[in-house]
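K.L.:
Structure below; questions to follow.
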Amino acid sequence: MRKNIVAGNWKMNKNLQEGVTFAKELEAALAGKTLKCDVIIGTPFIHLASVASSTKLGVAAQNCADKASGAYTGEVSAAMVASTGAKYVILGHSERRTYYGETDAILKEKTLLALANGLSPIFCIGETKEEREKNVHFDVVKKQTVDALFGLSAEDFSKIVIAYEPVWAIGTGLTATSAQAQEMHAFIRKTIADKYGKEVADNTSILYGGSANGGNAKELFGCPDIDGGLIGGASLDVEKFIPVIEGF
């Protein structure tokens with residue numbers, strides 16, 4: 001059975017001390033609850049080791065380099081991420097694609113290095129508002145998936161978590177309707193099944209990212225092909241994040 005997952009992506013927020021305090025407060029707030037999902041927090045690089053050692057929650061880096069090591073000033077390798085105790089890495093977020101020019105070819109290399117170092121990639125795909133209006137959103141999402149991930153073996157692909165994030169709904173307050181989100185999640189799962197077979201597809205967790213919050217999480221997570229969320233703004237506040245986690 002595929003896992004239900006709620007992953008927070010802090011982006012470039014919280015200093016080190018704030019991050020450690022938040023992780024401890026979140027863990028304490030969840031201690032008395034029966035969770036129906038795995039909870040992951042995606043922190044900036046400088047937080048990783050401290051947060052990973054201070055909580056039993058899942059911890060993700062927000063990126064990693066597309067090179068294993070070497071003269072790449074300012075970069076952080078997948079091996080470095082793994083050495084902190086983090087188990088996940090967010091790859092292909094639309095902000096990385098848009099602001100830093102990350103291509104499917106670059107993301108393919110990052111994915112291979114992440115897997116080689118025992119990390120589970122949370123791999124982001126999604127279309128822009130313009131692409132949806134042109135009715136090419138399915139083509140865009142399929143291409144992102146195929147070009148970056150479909151060179152993997154079935155065994156390696158089974159370690160991937162997919163995050164569908166309609167770019168037009170990230171940080172805008174707009175959210176895909178549950179019907180729109182379910183339609184795309186079902187399409188992604190079918191695309192995976194066509195390549196790797198029904199069993200692999202049925203066991204792949206596909207998360208929704210795009211202004212999900214405590215008010216819409218239950219409806220979104222109730223859809224048959226939505227296995228959780230990659231949460232931005234609502235993951236920065238314990239009191240706002242918990243209702244999302246309780247969407248299950």
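The values are calculated or read from the model by the stated rules, or taken from the named source; none is laboratory data. Keep in mind it's a predicted model, so treat the numbers as computed, not measured. Note that each Cβ is placed from the backbone with ideal geometry, even for glycine, and that neighbours are counted across all protein chains shown.
K.L.:
Residue by residue through region 95-130, note down the ones that are aromatic (Phe, Trp, Tyr) and in a helix (DSSP H, G or I).
P.N.:
Passing the criteria: 99, 100.
K.L.:
Listed residues 20, 59; which is under 18 Å from residue 122 (Cβ atoms), touching a residue at least 24 places away in the same chain (Cβ under 8 Å) and in contact with a helix residue (DSSP H, G or I) (Cβ under 7 Å, 6 or more places away or on another chain)?
P.N.:
59
K.L.:
When you go through 52, 82 one by one, which is the residue that is touching a Leu at 6+ places or on another chain (Cβ under 6 Å), crowded, with 17+ Cβ neighbours inside 10 Å, under 27 Å from residue 4 (Cα atoms) and touching a residue at least 24 places away in the same chain (Cβ under 8 Å)?
P.N.:
82
K.L.:
Can you tell me how many residues in region 131-177 are among the small types (Gly, Ala, Ser), at pLDDT 95 or above, part of a helix (DSSP H, G or I) and surrounded by 15 or more Cβ atoms within 10 Å (Cβ to Cβ)?
P.N.:
1
K.L.:
Residue pairs, Cβ under 9 Å, 6 or more apart or interchain, first in region 23-38 and on the phi < 0 side of the Ramachandran plot and surrounded by fewer than 16 Cβ atoms within 10 Å (Cβ to Cβ), second assigned to a helix (DSSP H, G or I) and not aliphatic (A, V, I, L, M). List them.
P.N.:
24/54; 29/239; 29/241
K.L.:
Among the candidates 57, 91, single out the residue that is touching a Lys or Arg at 6+ places or on another chain (Cβ under 6 Å) and aliphatic (A, V, I, L, M).
P.N.:
Values: 57 fails: touching a Lys or Arg at 6+ places or on another chain (Cβ under 6 Å).
When all the criteria are applied, what remains is 91.
K.L.:
A further question follows. Taking region 108-130 as the search range and keeping residues that are in contact with an Asp or Glu (Cβ under 9 Å, 6 or more places away or on another chain) and farther than 17 Å from residue 207 by Cβ, which one is surrounded by the most Cβ atoms within 10 Å (Cβ to Cβ)?
P.N.:
110
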